[in-house]
Amino acid sequence: MKLTASPTSPYARKIRILLAEKGVDFELIEDSPWESDTGVPEINPLGKVPVLETDAGEHFFDSPVIAGYLEVKFPEPPFIPADPMEAVRVRQTEALADGITDAALIIRLETLRPMEAQLRETVERQQGKIERGLQALEAKLPSKEHWFHGNRISLADIAAGCALEYLDFRLAHLNWRQRFPHLKELALRIGARNSFLATRPD
Ligand SMILES: N[C@@H](CCC(=O)N[C@@H](CS)C(=O)NCC(=O)O)C(=O)O
């Protein structure tokens, strides 16, 4: 199995962490879709990473689909509950966390444009999504000691951990820890896991 990813992609990191947590061996192929010689469009018409290639040569994207595939192929330990309704709830929290990452990525791309071309409305609109998204995530965590769903770590916690660390990596000035104590504790707890330590970008 091969995973095509760029080293700093937060979506690819979510999958690398899931693979590590499940103890699945894979080959990591580094490819940045932003480079002119990228091969990513040949395996994902949308030109985005991550892309997973199975041993049979089938390609899967985007990260929520890859996570679903991994859960089917490698069910132990579980990161999506067997109960279908609980699974929907975990996927909803994953979507919320990924949406925060989406907004952070748009801001990041905007700030890479020349200063005079940057749109303040774009940045403010995306910051609103991040702030409301963080409020919603904080409200979903019953206490500082809990995971998002049930008494064990799930894909929801991994997605949230990746989103929070991506904010640290690219938008540290947002200082989200000052406003969200439950998320701060979650980030501390989940960030100490080997899977997070091994995939944290420099
Ligand atoms: N929803 C997708 C998002 C993937 C995505 O946007 N990846 C970025 C890298 S962080 C990318 O490949 N961007 C290239 C592009 O948009 O052209 C997922 O969860 O996999």
Check your understanding: Based on what the data block shows, is Glu145 more than 19 Å from the chain's Cα centre (by Cα), in contact (Cβ under 8 Å) with a residue 12 or more places away in the chain and surrounded by fewer than 14 Cβ atoms within 10 Å (Cβ to Cβ)?
Key -> yes
Point to revise | Test set (1) under 13 Å from the mean Cα position of the chain (by Cα); (2) surrounded by fewer than 22 Cβ atoms within 10 Å (Cβ to Cβ); (3) polar (S, T, N, Q) - Ser154 fails condition number | key: (2)
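Each reported figure results from applying straightforward, stated rules to the coordinates on display, with no laboratory input. On a predicted model such as this, the values are computed, not experimentally measured, just so you know. Cβ: placed from backbone, ideal geometry, glycine included. Neighbour counts: every protein chain shown.
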